[in-house]
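One structure is given below, encoded as structure tokens.
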Amino acid sequence: MTKIVAVLYSGGKHAQEEPRLLGTVENKLGIADWLKEQGHELVVTDDKEGAGSAFRQHVKDAEIVITTPFHPGYLTKEVLDEAKNLKCCITAGVGSDHVDLDVANQRGISVYEVTGSNVVSVAEHVVMTILNLVRNFVPANQQYLGGGWNVSEVARDTYDLEGKVVGTLGSGRIGSRVLQRLKPFDCAKLTYYDYQRNEALERDTGAERREDLKQFLSELDVLTINCPLYPETKGLINAEKLSWLKKGAWIVNTARGAIVDAQAVKDALASGHIRGYGGDVSSIQPAPKDHPFRTAFYKSQAPNGNAMTPHVSGTSIDAQARYAAGTKEILRRYFAGEKQEPANVIVEGGAYATKAYGQRK
Ligand code: NAI
């Protein structure tokens, strides 16, 4: 019998009304009965913060931890040190920065994710958010819902995406899908910055690669961030990098909140250097009520320039079906002693299997 702990978000009445909300505590990724039939123990919780939380108590003797990036159970060094039996961490989704990957390597703990399961979902959200910001949709909608009709108030900050320069920081599965979807918008230029060259993307979209971060940022009207979070990308987009962007640029970050300095973004919006910021990720999740992104507005005019949502882009109903099925398949292979799908392996046998978390040889 294997003990498995799953940290998922609570669905409440929504999970009861919509059983396809699989990534919830209530619907348990659809794997509870399947695990029970095989005699395994599954503990599911959303209580994840602090040493007294259910997650911290149960992780001590668990062999497998499953968590989603939407409500992550953070597997820091401290938590991993307590998790003496842990052999396998599964990310039900994409992005395993909630695990201290170096410590996992030292301990020989495997980390798998359901690679590709929600990349279309995120790419669509990115395109939507870019359009929301550039077209100044949020203030226009709020004005309308509030009974107003002041065209100039919203039109003064409304632009066309056509003719703008859009660049992705990270051109993997999501970044490349964003640029593919933007191709018909007739942007002036599509660019990317990534230490891994993506020739297929260049061929398909005409995207130009930039090897110098300052040059990359200084050309952009729209920056979309699509690289993983790891020590070298933590705080990468800080006050200095923001100053390299063109005045009036927009930023969309659905990758991870900690890649940007949230207070520096808020300051750049307030000063007018940045015209808008959107995305769905915060450095701590759920984002605290006083998180800078909750009150970050262009020239301090609420709600202008803010297109934030809770972490929802990669957890559409369609994505949940894919990452739930992918989690089950990873477990099936684990129990059967079969090799995992190579693309799903982040670390295994004490080494990185992916090049996405830094330029690892
Ligand atoms: P991927 O592994 O296909 O692509 C990541 C790319 O980033 C790689 O090409 C890698 O070389 C590049 N990269 C790494 N470090 C870089 C750096 N310092 N500068 C420039 N490029 C760098 O990953 P995928 O599927 O595209 O996902 C990317 C990230 O998006 C995930 O790691 C995760 O953090 C986030 N994500 C967010 C979701 C959401 O719901 N908001 C859902 C899925 C992923």
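Just to be sure I understand, how many residues within the stretch 267-283 are assigned to a loop (DSSP other than H, G, I, E, B) and within 16 Å of the ligand (Cβ to nearest atom)?
Counting residues in the stretch 267-283 that are assigned to a loop (DSSP other than H, G, I, E, B) and within 16 Å of the ligand (Cβ to nearest atom) gives 4.
Per-residue answers, yes or no, for (1) modelled with pLDDT of 95 or more; (2) within 21 Å of residue 156 (Cα to Cα); (3) not polar (S, T, N, Q); (4) not assigned by TED's automatic domain parsing to the domain that holds residue 346:
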position	(1), (2), (3), (4)
226	yes, no, no, yes
230	yes, no, yes, yes
239	yes, no, yes, yes
253	yes, no, no, yes
283	no, no, no, yes
304	yes, yes, no, yes
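Give me the pairs: first residue in the stretch 254-280 and among the polar types (S, T, N, Q), second residue part of a strand (DSSP E or B) and crowded, with 21+ Cβ neighbours inside 10 Å, beta-carbon distance under 6 Å, and six or more apart or on different chains, which are they?
Listed by first residue and then by second, the contacts come to 254/279.
Against the conditions (1) touching a strand residue (DSSP E or B) at 6+ places or on another chain (Cβ under 9 Å); (2) without any contact (Cβ under 8 Å) to a residue 12 or more places away in the chain; (3) away from the ligand (no atom under 15 Å from the Cβ), where does residue 189 fall short? Just the number, please.
(2)
Return yes or no: is residue 120 in a loop (DSSP other than H, G, I, E, B), aliphatic (A, V, I, L, M), under 26 Å from residue 175 (Cβ atoms) and within 16 Å of the ligand (Cβ to nearest atom)?
No: the conditions fail for residue 120.
If you scan the stretch 206-222, which residues turn out to be within 15 Å of the ligand (Cβ to nearest atom) and open to solvent by less than 30 Å² (accessible area, probe 1.4 Å)?
Correct list: 207, 210, 213, 216, 217, 220.
Of all residues in the stretch 150-186, count the ones that are of a type outside the set (Asp, Glu), away from the ligand (no atom under 12 Å from the Cβ) and free of Cβ contacts under 8 Å to residues at least 60 places away in the same chain.
Counting residues in the stretch 150-186 that are of a type outside the set (Asp, Glu), away from the ligand (no atom under 12 Å from the Cβ) and free of Cβ contacts under 8 Å to residues at least 60 places away in the same chain gives 18.
Which residue out of 309, 315, 295 is polar (S, T, N, Q) and crowded, with 20+ Cβ neighbours inside 10 Å?
315
Looking for something within 24 Å of residue 320 (Cα to Cα), open to solvent by 50 Å² or more (accessible area, probe 1.4 Å) and within 16 Å of the ligand (Cβ to nearest atom) - is there at least one such residue anywhere in the stretch 93-107?
The answer is no, given that none of the residues of the stretch 93-107 is within 24 Å of residue 320 (Cα to Cα), open to solvent by 50 Å² or more (accessible area, probe 1.4 Å) and within 16 Å of the ligand (Cβ to nearest atom).
The values are calculated or read from the model by the stated rules, or taken from the named source; none is laboratory data. Please read all numbers here as calculations on a predicted model, not as lab measurements. Note that each Cβ is placed from the backbone with ideal geometry, even for glycine, and that neighbours are counted across all protein chains shown. The area values use the complete protein model at the heavy-atom level, side chains included, leaving out ligands, DNA and RNA. Shrake-Rupley method; radii C 1.70, N 1.55, O 1.52, S 1.80 Å.
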